[in-house]
Amino acid sequence: MSDFPAALIRPDLRGFGGYSSARTSAPATGDADTIWLNANEAGTPSRADPGGTVRRYPDPQPPALVEALAAHYRVPHETLVVGRGSDEAIELLVRTACRPGADGIVISSPTFGMYAVSARLHGVPVHDLPQRDRGSSWEVDTDAVAQLARDRQARIVFLATPGNPTGSAVPESGLIRLAAALADQALVVVDEAYQEFGGAPSATALLEKHPNLVVLRTLSKAHALAAARVGVAIAHPDLAAVLRRVQAPYPVPVPVTALALQALEPHALADTESRIAATLAQRDRLTGLLAASPLVRAVYDSRANFVLARCADQVAADTLLARLAGCGIVVRDLRALPGLADAVRVTAGSTAEIDALQAALSNPTAHSSTTPPVRTA
Ligand SMILES: *Cc1c(COP(=O)(O)O)cnc(C)c1O
């Protein structure tokens with residue numbers, strides 16, 4: 001693997017050791033009889049935890065979980081940082097690469113909102129090179145993104161592929177050109193929250209040649225563990241080491257580790273494969289249902305587990321949202337986003353959920369208070 005350019009890390013953090021916790025600073029005794037009195041933990045378990053599994057602070061990066069995730073994503077374990085969802089990884093990256101009030105990030109809208117939120121909370125400017133609406137898909141102009149990042153001396157480019165809310169993929173050739181163009185200047189973060197649904201290979205294959213590339217993965221979508229909050233950043237080992245030092249001391253709770261390990265067992269992974277196949281079938285069905293609705297004028301091809309659609313006009317959007325809401329169905333209203341004043345995003349839920357949506361769409365007067373509410377993430 002090529003060297004990691006230290007210039008990509010905030011100058012004041014290059015020698016930063018982070019918090020020295022009871023876990024990170026303890027001597028490795030390897031002796032089961034060691035008496036641990038270094039972390040002010042309770043001497044006996046809580047009634048809520050008779051087995052005492054959560055009495056002590058967890059390992060900051062539980063080795064078994066790191067190994068299981070590294071094997072699942074087929075990357076070396078030293079490249080992987082586990083956190084509380086990819087949301088935490090996004091925040092760590094902003095804090096690690098950008099000087100507050102000075103360095104910026106580049107996004108290509110419409111995109112996932114957390115990039116701009118993390119930047120804003122850190123006092124970092126956000127530069128946007130909007131995507132092109134191609135009618136049935138969206139296109140990120142990676143060369144123009146690189147140019148904007150150069151002009152603004154930005155430190156991070158965030159791209160989601162497949163994108164949210166677009167559902168469109170960014171071609172690998174564009175990612176490669178972008179990473180190469182910004183090799184000495186910025187991290188290129190490829191957020192693959194929906195990779196499992198898209199069919200394209202992961203950008204992790206590019207990490208070897210492009211040390212400024214970072215890939216984000218999550219157990220929240222295809223693996224059905226959104227509330228467990230497990231996501232990873234996969235990066236050059238030198239950058240991964242800095243991210244771990246920037247991270248809060250004990251980011252992965254013991255019950256979460258247990259749950260995630262179970263989700264990575266072969267049987268659970270086989271279930272996930274079937275869930276993905278079922279989701280893709282519902283996504284195609286959903287695409288057809290929306291396309292057939294007179295309230296809808298455009299449905300974008302999706303490589304994720306949701307569909308983005310534009311309504312005929314703003315009145316049609318109001319009608320669609322009201323009709324679905326009347327049937328207890330909540331979809332994502334995107335009308336407040338620039339250029340999406342007529343748009344909605346609908347998750348490819350279960351067969352029963354899409355059945356309910358079909359019924360709501362096909363009956364203009366449909367209104368049912370007995371239908372259970374269907375929620376989207
Ligand atoms: C849902 C989503 C995430 C959130 O992931 P968590 O791991 O749950 O924090 C990240 N990126 C994109 C593009 C998403 O749509």
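General observations
- When the Cα positions of Gly326, Ala316, Gln282 are compared along the charge dipole of the range 249-330, Ala316 comes out farthest toward the positive end, with charges on each C-beta of Lys, Arg, Asp and Glu.
- Phi to ³J(HN,Hα) by Karplus 6.51 cos²θ - 1.76 cosθ + 1.60 over the range 88-99, Hz, x for Gly, Pro: 5, 4, 4, 5, 4, 5, 4, 5, 7, 9, 10, 6
- Packing rank of 172-178, 230-236, where each peptide gets the mean count of other beta carbons within 10 Å, highest leading: 230-236, 172-178
- Solvent-accessible surface of protein heavy atoms, probed at 1.4 angstrom with all chains present, puts Arg155, Arg335, Arg217 in the order Arg335, Arg155, Arg217, largest first.
- Å² of accessible area per residue within the range 14-97, as computed with a 1.4 Å probe and no ligands counted: 59
- Long-range HN-HN contacts of Leu213 with modeled amide H, under 5 Å: Val188
- Stretched out straight at 0.36 nm per residue, the stretch from Ala26 to Ala298 would grow longer than its current Cα-Cα span by 92.1 nm.
- Three-way shape call for the range 262-334 based on the alpha-carbon gyration tensor, with the a/c threshold at 1.5: prolate
- Taking all protein chains into account, the per residue accessible area for the range 293-358 stands at 41 Å² (1.4 Å probe).
- Per residue, in Å², the accessible surface of the range 152-268 once ligands and nucleic acids are set aside, probe 1.4 Å: 34
- Shown are Trp138, Trp36, whose ranking by accessible area with a 1.4 Å probe and every protein chain present, most to least, is Trp36, Trp138.
- Each of Asp151, Asp143, Asp342 has its accessible area taken with a 1.4 Å probe; listed largest first, they run Asp151, Asp143, Asp342.
- Each of Arg152 and His72 was given a label point 7 Å from its Cα along the Cα-to-Cβ line. The distance between the two points is 3.3 nm.
- Whether the chain is rounded, prolate or oblate, judged on the alpha carbon gyration tensor where a/c under 1.5 counts as rounded: oblate
- Hz values of 3J(HN,Hα) by residue in the range 217-226 - Karplus curve (6.51, -1.76, 1.60), Gly and Pro given as x: 10, 8, 8, 6, 9, 4, 8, 6, 10, 4
- Within the chain, helix-based [θ] at 222 nm, where runs of 4 or more DSSP H residues each add -39,500 (n - 2.57), nearest 500: -10500 deg cm²/dmol
- Positive minus negative residues near Ser362 (Lys, Arg vs Asp, Glu; Cβ under 14 Å): +1
- Accessible surface of the range 84-217, 1.4 Å probe, proportion on carbon and sulfur as whole %: 51
- Translational diffusion of the range 16-112, estimated by Stokes-Einstein from the Kirkwood radius over alpha carbon pairs at 20 °C in a medium of 1.002 mPa s, is 124 µm² per second.
- Computed with a 1.4 Å probe over protein heavy atoms only, the accessible area of Ser168 comes to about 10 Å².
- Around Gly198: net Lys/Arg minus Asp/Glu count, Cβ-Cβ under 10 Å: -1
- Once backbone amide H atoms are built at 1.01 Å from N, Ala298 has Arg310 as its partners under 5 Å, excluding neighbours fewer than 5 places away on the same chain.
- Placed amide H near His127: partners under 5 Å, 5+ positions off or other chain: Ile105, Val106, Ile107
- When the surface is traced with a 1.4 Å probe over the full set of protein chains, Glu208 keeps roughly 110 Å² accessible.
- Look at the Cα gyration tensor of the range 78-206: its axes a ≥ b ≥ c give a/c under 1.5, and that counts as rounded.
- Derived from the Cα gyration tensor, the three semi-axes of the equivalent ellipsoid of the range 64-150 are 27, 19, 12 Å, largest first.
- Karplus-derived 3J(HN,Hα) values for the range 323-334, using 6.51 cos²θ - 1.76 cosθ + 1.60 with θ = phi - 60°, are 5, 5, 4, x, 9, x, 10, 10, 10, 7, 7, 9 Hz; glycine and proline are entered as x.
- Residue with peak Gaussian network fluctuation, the chain [Cα springs, cutoff 10 Å], from Ala89, Ala270, Ala248: Ala270
- Computed extension length for Gln358-Ala6: 121.4 nm, one decimal, from 0.36 nm per residue of separation with the Cα-Cα distance subtracted.
- With distances taken between every two different alpha-carbon atoms, the range 208-337 has a Kirkwood hydrodynamic radius of 18.2 Å.
The values are calculated or read from the model by the stated rules, or taken from the named source; none is laboratory data. On a predicted model such as this, the values are computed, not experimentally measured, just so you know. Please note: Cβ atoms are built from the backbone with ideal geometry, for glycine as well, and neighbour counts cover all protein chains shown. Remember, those area values only see protein heavy atoms, side chains included, never the ligands or the DNA or RNA. Shrake-Rupley method; radii C 1.70, N 1.55, O 1.52, S 1.80 Å.
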